[in-house]
Amino acid sequence: MNEHLARVALLSNIEGGHTFWSAEISTHSALTVYNKLLNGGYDPIKYEKLISNLRLTNADKLLSEIDKHYARLVTPADEDWPEQLNDLAAPPIGLIVKGNISALHQPSLAIVGTRNPTSYGARIAGDFAAGFVDREWAIISGGAYGIDSYAHKGALIAEGVTVAVVASGIDINYPAGNARLFAEICEAGAMVTEFMPGHKALPNRFLTRNRIIAALSKATLVVEAAFRSGSLRTARDAAEIFRPVMAIPGPINSPTSEGCHRLIGERAAEIVTSVADAVEFVGVNQ
């Protein structure tokens with residue numbers, strides 16, 4: 001067992017975004033935590049399930065499974081680990097990356113929003129993606145239907161780089177209708193996840209992966225979002241690590257803009273109405 005194998009063993013058994021285990025691994029190393037778990041260093045009753053699962057985990061087999069899907073495990077020990085993730089309270093134990101890992105090192109804008117956008121929101125997401133791509137930024141989003149998809153497509157149409165941070169294993173096209181989009185994303189950009197192959201997209205995993213979207217990006221733009229929306233979680237995750245947050249205003253009676261208006265009203269996001277506005281705001285906050 002070495003640090004890399006310990007990382008993949010822990011990654012496969014500890015749910016993403018777990019603050020305690022992230023802190024333990026960051027402080028002591030994955031190998032130390034792995035050995036402590038197997039040798040009674042942590043409460044054997046409280047962590048009985050985790051310990052028994054670890055004993056059954058074949059780390060070499062897990063790495064082979066990742067490799068089989070043309071992906072790789074990246075950890076903080078690797079030169080191409082995205083250092084900006086270390087700003088998080090619970091940085092990922094590791095990332096599984098498919099595609100061009102250099103995409104994670106470009107200046108990038110996160111574009112997020114509702115899965116049920118209006119035609120206005122869809123157009124704005126594509127336009128802002130293209131506008132930032134023209135300035136040689138990458139676009140990061142979550143690969144979902146709606147604003148996410150329009151942001152990814154806007155970047156691709158502008159012949160730019162885009163990254164999808166997904167809430168399932170790298171082998172699971174979720175949503176299935178975006179399988180072709182994911183393939184196109186991987187040609188110049190990348191797909192990223194902290195979940196092992198075979199792990200399904202669960203509701204809580206969308207919320208925990210949002211922090212990765214926020215941390216990989218220099219700034220976050222919320223295009224359309226309902227009053228209670230996962231996109232607002234991404235905005236708050238970004239604000240917690242002092243990344244600029246922007247929001248697009250919409251009609252005052254539009255439910256899909258309530259979340260954006262809420263962020264603007266709470267002074268949690270800067271109102272932007274053009275790509276030039278957004279570029280200026282992000283530049284000021286660098």
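Considering segment 119-139 alone, what residues qualify as being among the charged types (D, E, K, R) and farther than 10 Å from residue 161 by Cα?
Within segment 119-139, 123, 127, 134, 135 qualify.
Would you mind telling me which numbered condition in (1) crowded, with 23+ Cβ neighbours inside 10 Å; (2) farther than 24 Å from residue 94 by Cβ residue 258 fails?
(1)
Out of curiosity, is residue 113 in contact with a helix residue (DSSP H, G or I) (Cβ under 9 Å, 6 or more places away or on another chain), assigned by TED's automatic domain parsing to the domain that holds residue 145 and surrounded by 19 or more Cβ atoms within 10 Å (Cβ to Cβ)? Reasoning before the result, please.
Numbers: in contact with a helix residue (DSSP H, G or I) (Cβ under 9 Å, 6 or more places away or on another chain): yes; assigned by TED's automatic domain parsing to the domain that holds residue 145: yes; surrounded by 19 or more Cβ atoms within 10 Å (Cβ to Cβ): yes.
In short, yes.
List the strands (runs of 3 or more DSSP E) that sit entirely inside segment 174-286 and contain at least 1 residues that are assigned by TED's automatic domain parsing to the domain that holds residue 158 and over 30 Å from residue 65 (Cα atoms). Break it down into steps so the answer makes sense when it comes.
Working: elements: 190-193, 219-222, 245-247.
Result: 219-222, 245-247.
The values are calculated or read from the model by the stated rules, or taken from the named source; none is laboratory data. This one's a predicted model, so the numbers in the text were calculated from it and none came from an experiment. Please note: Cβ atoms are built from the backbone with ideal geometry, for glycine as well, and neighbour counts cover all protein chains shown.
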